[in-house]
1. Between the range 554-624 and the range 450-489, how many Å separate their Cα centres?
2. Arrange the peptides 454-465, 569-580, 64-75 so that the one whose residues have, on average, the most other Cβ atoms within 10 Å appears first.
3. Please list, by residue number, everything in the range 488-519 whose backbone N is under 14 Å from a paramagnetic label point 7 Å out along Cα→Cβ of GLU477.
4. Roughly what would the spin-label model give for VAL470 and ALA567, points 7 Å off Cα along C-beta, in nm?
5. So if we plug the beta-carbon distance of ASP579 and LEU709 into 1/(1 + (r/R0)^6) with R0 = 35 Å, what FRET efficiency do we get, rounded to 0.05?
6. For the chain, report the accessible area per residue in Å² (1.4 Å probe, heavy atoms, rounded to an integer).
7. What nm distance separates the two modelled labels at GLN758 and ASP734, each placed 7 Å from Cα along Cα→Cβ?
8. Let's test the formula: R0 of 51 Å, r as the Cβ-Cβ distance of SER654 and ALA523. What FRET efficiency results, to the nearest 0.05?
Amino acid sequence: MWRTLACLGLLLVGLLLLAPIVAIWLARASLPQLEGDMAVAGLVAPATVVRDAHAVPHVTAASEADAYLTLGFLHGQDRLWQMEYDRLLGQGRLAEVLGEAALPVDRFMRTLELNRRAQAAVAGLDARSRALLEAYANGVNAAIARFGRVLPPEFLLLRHRPEPWQPADSLRLAKLMAFDLSTNWREELLHARLALKLPPDQLADLWPDAPAAGPVTLAGLAGLSLDSLAAVLPEPPPPGVGSNVWVAASTRTASGVPLLANDPHLALQLPGHWYLAHLEAPELAVIGATLPGLPFIVLGRNRDLAWGFTNTGSDTQDLFIERVDPKDPTRYLTPDGSAPFTSYTETILVRGAAPVRLDVRETRHGPVISDLAPAAGVVAGSGQVLALAWTQIQDDLPDTTLASGFALGRASDAQGFLAAAELYRGAQQNMAFAVRDGTIGMISPGLVPIRRQGDGRLPVPGWTGVFDWVGMIPAHELPRAVDPPSGLLVNANNRLVGADYPHLLTAEWEGPYRAQRIEALLAEPGALDPDRFADIQLDVMSGLAADILPYLPAPESVAPASRPALAALAAWGGVARADRPEPLLFAAWYRELGNAIAADELGAAWAEYRNRAPFLLRVLSRSQGWCDRRGEGAADSCKEVAAQALETALAALSARYGSDWRSWRWGDAHPALLAHRPFEQVPLLRDWFSRLVPVGGDGTTVNVASPGLARPDVPFAAFHAAGFRAIYDLAAPDRSQWVVATGQSGHPLSPYYVDQAQLWREGRYLTMSMAIPDAARAAVGALRLHPVAGP
């Protein structure tokens, strides 16, 4: 018996030792094939993929359709889990894989009904775009088939298999991206919640240029459980999500040919949002950054022109308070009388739990989102609901966004680019472009509503028709500029139009810090060249620090031990370098200062409020109101609050980083958090799938790296930044430059998973050349794709 037990024990130990070896073997077996020959279903003619030293693919195909099919195959090879996660997110099916924790997201996505709307968008595409979209889907499915049963690690760990990729999946992904870039409805909801709680003077400090809320609006809001609704909604994107773009005309550059720089800012993740690629076919020659799941180059250049985007931040969403018909709860009131809710039922499958039934209602304005709250019964019983209107879910508006994406890559001059841009129907973007013939310009296409009344700041009554949308701003009336006299165009999500523009784009613009700094650097003496553009992209001068530092406390108001750190902060020039302690001192003091001034009054809403710097500057300059406190030992002015905030910040930093503040480094406390979805939330897997990369900058520097409370062990980690940087030199296009924050591969065992992260951190670039590497000497290898032989 003892001998048998000993043998069983040894067997168990052997299995325990063998299990990780088998797991690693399986993971390595799912690495994609990068060289050799391969048959791919759907190809019409052979195609070649040659990868450079960082695995960036250069595709040569016999037709445009084959080029996009190959791109789909490469996306599937390198980024299949990323694509699957985004697909499940858009479908409202994450709970099938991740369990009950994903239910709030699924419920919200099902309420938006992106599935049906994506299918309708596919049907509305022109024949050429639809054929290219189908070719791309065929390429993704060829990659899925190639994996067989040995899929990338996330699939194995979660015991999940992907379904075939459908053309509608790409349309849904485009709408999901538009949703991430459209946050106005959250601002409306926050404004409404605080309008019901705060006195008028405090509300005016938070939104100083907003008109006083009218009695009808506030009366309509009073019956809605807005805090309950906010508590069950998915997490909002981080504040400051945006981009930088600037373009210089021939008259401003050293070469006499235009230059364009672009660095989009999105929430950091691993794998990153962007995938670099070069596509060549008889009707196509384009290179740039793609988004896995979308079948074209999103940001990049061809042989004639280059382009880059920033988010306009236009208000494309409104919340409408709808009145339920008191005689029939299945109907609601409209200006023309009672109308039935459009109703349907969704069943959400949940891993490890019973399926969840979701009853969804829609009004003429959009889906009823107040039904998502636990207090939905109370809301319905009070006789009113809250509906979301959004340009991307208006069923009567055709979506030609994907057609625009294909057309941008084909454009060869300004007229062609503008025509392609006008097809875009997503969240409004500022599309800057530069042409080799010397033309520069910017156009801001997208769907933006025209409101009969109102400015979109607060939820409005839906039963009167007074605040209804009466159409979209016509494409030819959207902002655009071609060859401005200054020879420069700059946008960093700042105000796009002046007071004389005839339409409302938004009542809430992003702050001017980045745009002001870019313009100042461009105005310095000397002609502009790629090196100066790179220096600007990497600039870490903090506009926020320049505005807030004058409100530092006086030395006599803090403890003697704190005065050396205070003196260093006062002498600091505001350059947020990763190797200095002052940016950390400032960030900690600024955070504690804001909490001390506003957290008591606003509670959880303070974390959601986006315009903190202007608000705090208003409060600090007045030194009363918000800073007044009552009670023994409490501060009674902003100066005392600032002093207490500094003491609190120094104590917390000392406890975490040691007592010698001179040894602190901003980069150590402020790494870029390249977070894997979903394994960033799993401590045992986090270190394998996610990465921390020390960086400088802050939320207002041109080189953006916004600190936030993304993870307790790194409370100042940067959660969004420029995940892609590019400088397009039209004088020598093949000397253009680019880099991403991560790498090409989504596989944690691939050498190309995060191989560009160090280059990105150090401000270095790769050459963005359309010269196809010699297949025989390719750094990574050449993959030759062939059509599947017939029977």
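The values are calculated or read from the model by the stated rules, or taken from the named source; none is laboratory data. Just so you know, these numbers come straight off a predicted model, no measurement behind them. All Cβ positions, glycine included, derive from the backbone under ideal geometry; neighbour counts span all protein chains shown. The accessibility values were calculated without ligands, DNA or RNA, using every heavy atom of the protein model including side chains. Shrake-Rupley method; radii C 1.70, N 1.55, O 1.52, S 1.80 Å.
1. First find each Cα centre; the distance between them is then 36 Å.
2. On the way: 454-465: 21.2, 569-580: 16.8, 64-75: 27.4.
The most tightly packed comes first, giving 64-75, 454-465, 569-580.
3. From the range 488-519, the list is 501-505.
4. 6.6 nm
5. Details: r = 23 Å, r/R0 = 0.67.
After rounding to 0.05, the efficiency reads 0.90.
6. For the chain, the solvent-accessible area averages 39 Å² per residue.
7. Distance between the two pseudo-spin positions: 2.9 nm.
8. Numbers: r = 42 Å, r/R0 = 0.82.
So, using R0 = 51 Å, E works out to roughly 0.75.
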